[in-house]
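Visitor: Here it is: the structure, laid out below.
The values are calculated or read from the model by the stated rules, or taken from the named source; none is laboratory data. No experiment lies behind these values; they were computed from the predicted model shown. Glycine gets a Cβ as well: all are built from the backbone with ideal geometry, and neighbour counts include every protein chain shown.
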Amino acid sequence: MLKDAKHIFKLDPAKEISDEDLEKIAESGTDLILVGGTDDVTEDNVLYALSRVRRFSKSVALEVTNRNAVMPGFDHYFIPSVFNTSNIKWQHGLMLEALEEYSHLIDYEDISMLPYIILNEDCKAFEKAEAKPVTADELPHYIDMVDKLYKAEYLYIEYSGIYGDPEMMDIVRNHADNTHVIYGGGISSKEQAREMSQYANTIVVGNIIHEDVKKALRTIIK
């Protein structure tokens, strides 16, 4: 699903967004709406987000961070796997939990592992996933592991809340020969969207849609 997406809006089900702003997001030129967040993701707010987005024709996927908030109705399901974690639970524990509970319902064409490298040491996701800092010297080896050993379809570079380091993203671009690179973090302008699109196949725009929808819409470049 992500292979054809250049731009994604990430909708946090725990955050407010008006019906008017959601309509602007859903009717925009973005390729996909991804529902997901780090804190306070519940069955109720995910269901509410899904019901609101389903009023439009835009494709919608779920980032599975709470197995109790998984439900039918999404076009695709992505299960995060954090590769720079110090706790194996956050690398494949979530996948095992999901399989234990939903394997009898799963169509494997509709679910994907989503490897993450979290580079913002100050974000909530870094803390929750018990992530380890990654230096510029170490980053090529992480990328080679995901790209050449795991041969993963996707790799998500997460800066979550701050704009990423172009030099680090250049390292990612130069080592990801086969993996589809997704970038998320701090994009709030057309210039930033253009810059990160040089390094990633797909950019994800999140926080700004809950803060200033006009700025968010300017990040859509094709």
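Visitor: Surrounded by 20 or more Cβ atoms within 10 Å (Cβ to Cβ), among the polar types (S, T, N, Q) and not in a loop (DSSP other than H, G, I, E, B) - does that describe any residue in the stretch 171-181?
Guide: no
Visitor: So, of the residues in the stretch 1-47 that are in a helix (DSSP H, G or I) and free of Cβ contacts under 8 Å to residues at least 24 places away in the same chain, which turns out to be nearest to the chain's Cα centre (by Cα)? Even if it seems obvious, please write down each step before you answer.
Guide: First pass over the stretch 1-47, keeping only residues in a helix (DSSP H, G or I): 2-4, 19-26, 43-47.
Keeping just the survivors that are free of Cβ contacts under 8 Å to residues at least 24 places away in the same chain gives 20, 44.
Details: GLU20: 24, ASP44: 21 Å.
Taking the candidates together, the pick is ASP44.
Visitor: May I ask you to say which residue of SER59, SER28 is surrounded by 17 or more Cβ atoms within 10 Å (Cβ to Cβ), of a type outside the set (Lys, Arg), modelled with pLDDT of 95 or more and under 17 Å from ASP110 (Cα atoms)? Before the answer, list the steps.
Guide: Details: SER28 fails: under 17 Å from ASP110 (Cα atoms).
The unique qualifying residue is SER59.
Visitor: Could you please find all residues in the stretch 121-131 being closer than 15 Å to GLN91 by Cα and either out of contact with any helix residue (DSSP H, G or I) (no Cβ under 9 Å at 6 or more places or on another chain) or not in a loop (DSSP other than H, G, I, E, B) (or both)? Working first, answer last.
Guide: Step one: of the stretch 121-131, the residues closer than 15 Å to GLN91 by Cα are 125-131.
Passing the criteria: ALA125, PHE126, GLU127, LYS128, ALA131.
Visitor: Same structure again: Just to be sure, is THR202 of a type outside the set (A, V, I, L, M, F, W, C), farther than 19 Å from MET168 by Cα and touching a residue at least 40 places away in the same chain (Cβ under 8 Å)?
Guide: Details: of a type outside the set (A, V, I, L, M, F, W, C): yes; farther than 19 Å from MET168 by Cα: no; touching a residue at least 40 places away in the same chain (Cβ under 8 Å): yes.
Judged against the criteria, THR202 is not a match.
Visitor: Whether any residue in the stretch 159-169 is in a loop (DSSP other than H, G, I, E, B), under 23 Å from ASP12 (Cα atoms) and touching an Asp or Glu at 6+ places or on another chain (Cβ under 7 Å) is what I want to check. Spell out the reasoning first.
Guide: Taking the stretch 159-169 as the starting set, the residues that turn out to be in a loop (DSSP other than H, G, I, E, B) are 159-165.
Subsequent filtering for residues that are under 23 Å from ASP12 (Cα atoms) retains 159-164.
This time we only want the ones that are touching an Asp or Glu at 6+ places or on another chain (Cβ under 7 Å), so: none.
Looking through the stretch 159-169, none of the residues is in a loop (DSSP other than H, G, I, E, B), under 23 Å from ASP12 (Cα atoms) and touching an Asp or Glu at 6+ places or on another chain (Cβ under 7 Å).
Visitor: List pairs: first in the stretch 49-64 and assigned to a loop (DSSP other than H, G, I, E, B), second not aliphatic (A, V, I, L, M), Cβ under 6 Å, 6+ apart or cross-chain?
Guide: SER59/ASP75; VAL64/TYR77
Visitor: For the stretch 71-120, give me the residue count where each residue is among the hydroxyl-bearing types (Ser, Thr, Tyr) and in a strand (DSSP E or B).
Guide: Step one: filter the stretch 71-120 for residues among the hydroxyl-bearing types (Ser, Thr, Tyr), giving 77, 81, 85-86, 102-103, 108, 112, 116.
Going one step further and asking which of them are in a strand (DSSP E or B), we end up with 77, 81, 85, 112, 116.
Residues in the stretch 71-120 being among the hydroxyl-bearing types (Ser, Thr, Tyr) and in a strand (DSSP E or B): 5 in total.
A quick yes/no check of all residues on (1) within 30 Å of GLU23 (Cβ to Cβ); (2) within 18 Å of the chain's Cα centre (by Cα); (3) exposed (fewer than 15 other Cβ atoms within 10 Å of the Cβ):
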{"residue": "ALA129", "(1), (2), (3)": "no, yes, no"}
{"residue": "THR135", "(1), (2), (3)": "no, no, yes"}
{"residue": "ASP147", "(1), (2), (3)": "no, yes, no"}
{"residue": "SER188", "(1), (2), (3)": "yes, yes, no"}
{"residue": "SER197", "(1), (2), (3)": "yes, yes, no"}
{"residue": "ASN201", "(1), (2), (3)": "yes, yes, no"}
{"residue": "ARG218", "(1), (2), (3)": "yes, no, no"}
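Visitor: Under 7 Å by Cβ, and 6 or more places apart or on different chains, what pairs join a residue from the stretch 134-150 that is touching a residue at least 40 places away in the same chain (Cβ under 8 Å) with one that is part of a helix (DSSP H, G or I) and surrounded by 15 or more Cβ atoms within 10 Å (Cβ to Cβ)?
Guide: Close Cβ pairs satisfying both conditions: VAL134/TYR142.
Visitor: Which one of these is touching a Lys or Arg at 6+ places or on another chain (Cβ under 7 Å), hydrophobic (A, V, I, L, M, F, W, C) and modelled with pLDDT of 95 or more: LEU22, LEU11, LEU50, LEU119?
Guide: On the way: LEU11 fails: touching a Lys or Arg at 6+ places or on another chain (Cβ under 7 Å); LEU50 fails: touching a Lys or Arg at 6+ places or on another chain (Cβ under 7 Å); LEU119 fails: touching a Lys or Arg at 6+ places or on another chain (Cβ under 7 Å).
Answer to the check: LEU22.
Visitor: Quick one: would you say TYR77 is surrounded by fewer than 17 Cβ atoms within 10 Å (Cβ to Cβ) and either more than 19 Å from LEU114 (Cα to Cα) or in contact (Cβ under 8 Å) with a residue 24 or more places away in the chain (or both)? Break it down stepwise before answering.
Guide: Details: surrounded by fewer than 17 Cβ atoms within 10 Å (Cβ to Cβ): no; either more than 19 Å from LEU114 (Cα to Cα) or in contact (Cβ under 8 Å) with a residue 24 or more places away in the chain (or both): yes.
For TYR77, the condition - surrounded by fewer than 17 Cβ atoms within 10 Å (Cβ to Cβ) and either more than 19 Å from LEU114 (Cα to Cα) or in contact (Cβ under 8 Å) with a residue 24 or more places away in the chain (or both) - is not met.
Visitor: Do we find that THR85 is within 26 Å of TYR142 (Cβ to Cβ), touching a residue at least 40 places away in the same chain (Cβ under 8 Å) and buried (at least 18 other Cβ atoms within 10 Å of the Cβ) in this structure? Spell out the reasoning first.
Guide: Details: within 26 Å of TYR142 (Cβ to Cβ): yes; touching a residue at least 40 places away in the same chain (Cβ under 8 Å): yes; buried (at least 18 other Cβ atoms within 10 Å of the Cβ): yes.
The answer is yes for THR85.
Visitor: Next up: What single numbered condition from (1) over 25 Å from ILE209 (Cα atoms); (2) at pLDDT below 90 fails to hold for ALA69?
Guide: The failed condition is (1).
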